[in-house]
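Following: one structure in structure tokens, then a few remarks.
Taken together, the values in this text are just the output of simple stated rules run on the coordinates, not laboratory data. This one's a predicted model, so the numbers in the text were calculated from it and none came from an experiment. Cβ sites come from the backbone with ideal geometry, for glycine too, and all protein chains shown count toward neighbours.
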Amino acid sequence: MAFEDIIAKIREDATAQAETVLAEARDDVEGRVSEARGQAEQMKAERLRQAEREAESDRQRTLALARLAARDMVLACKQATVERVFDLVAEEIDGLDEASYSALLEKLLVARASDEQEVLPGRADARVLDEGFVRRANERLQDRGVSLTLAGPAEGIERGFLLRRGRIILNSSIGTIIAEARERLENDVHRKLFGGGEEAGP
């Protein structure tokens, strides 16, 4: 083989080898680019899904807080309404004429007396809760074996009375009686006002 032919053959082989290497390099680059694009799309999709999850979580949290705030507002309004009902009861008692108020006190005294007790009227009711008042109450209490005696005015209460037997004192002030009635009747009042069996308090 002539020298020129050998040179041509070497050049031809080198060119073919270079083209092969170049093609492989081109394929490798294209593969890497394609892989990078795929990874980028996956990352983009994952970030989008993460953003959607976070947005949904924020939405649910906001809704939950809004529901709690709304519930608290409703309960506060209901509680205020129930409190107003019992305030109206107190106002109605304050507005009774003397005969009606005296009848109410007598009814309360007969209902709450349970033994030989002293009656200590509130300072504002000392004129109403007199000896005649206690005598009438005793007449109604005879069949229960209960006997009451009148003592001096009670310290610390304005309206109503205390029942005392030795060191045992039953507070029967108007404020205490309304508070006791509220404990017993608050749920019933709540049901009548709003329906259902939900508690009036928070």
Q) Say we join alpha carbon atoms closer than 10 Å with springs in a Gaussian network model of the chain; which of GLU98, GLU19, GLU139 then has the biggest fluctuation? A) GLU19
Q. What does the charge add up to near ALA66, with Lys and Arg as +1, Asp and Glu as -1, over the other residues with Cβ less than 15 Å from its Cβ?
A. +2
Q | the range 96-194: relative contact order in percent, alpha carbon pairs under 8 Å with at least 6 residues between | A | 29 percent
(Q) Can you say what percent of the DSSP beta bridges in the chain, counting only those with both residues inside, are antiparallel? Round to 5. (A) 75 percent
Q: Among DSSP beta bridges lying fully in the range 96-194, give the percent that are antiparallel, nearest 5.
A: 75 percent
Q: May I ask you to list the lysines whose Cα is less than 22 Å away from that of LYS192, ignoring any residue fewer than eight positions away on the same chain?
A: LYS78
Q) When the Cα atoms of the range 1-95 are enclosed in a convex hull and the volume is divided per residue, what value in Å³ results? A) 41 Å³
Q) Using Cα atoms only, what is the angle between the long axis of helix 98-112 and the major principal axis of the chain, expressed in degrees (0 to 90) to the nearest 10? A) 80 degrees
Q) Out of VAL189, ALA137, ALA126, whose Cα points farthest toward the positive end of the dipole of the range 113-197 (charges: +1 Lys, Arg; -1 Asp, Glu; placed on Cβ)? A) VAL189
Q: Express the relative contact order of the chain as a whole percentage, based on alpha carbon pairs under 8 Å and six or more residues apart in sequence.
A: 18 percent
Q | Radius 10 Å from Cβ of SER147, net charge of other residues (Lys, Arg +1; Asp, Glu -1) | A | -1
Q) Among ALA14, ALA76, ALA64, whose mean-square fluctuation peaks in a Gaussian network model of the chain (Cα, cutoff 10 Å)? A) ALA14
(Q) Give me the dipole magnitude in Debye, nearest 20, for the range 1-95 about the Cα centre, with unit charges on the beta carbon: positive for Lys and Arg, negative for Asp and Glu. (A) 320 debye
Q.
At 222 nm, what value in deg cm²/dmol follows for the chain if DSSP H runs of at least 4 each add -39500 (n - 2.57) and the sum is divided by all its residues, to the nearest 500?
A. -25000 deg cm²/dmol
Q) Magnitude of the Cβ-charge dipole of the range 96-194, K/R +1 and D/E -1, about the Cα centre, nearest 20 debye? A) 240 debye
**Q.** the chain: angle of helix 131-141 to the longest principal axis, Cα-based, in degrees nearest 10
**A.** 70 degrees
**Q.** Angle in degrees between helix 174-194 and the longest Cα principal axis of the chain, rounded to the nearest 10
**A.** 50 degrees
Q) Along the charge dipole of the chain, which of GLY152, LEU162, VAL82 sits closest to the positive end, that is, farthest toward it, with unit charges on the beta carbon of Lys, Arg, Asp and Glu (+1, +1, -1, -1)? A) GLY152
Q: May I ask you to sort SER100, SER172 by Cβ crowding, counting other Cβ atoms within 10 Å and putting the fewest first?
A: SER100, SER172
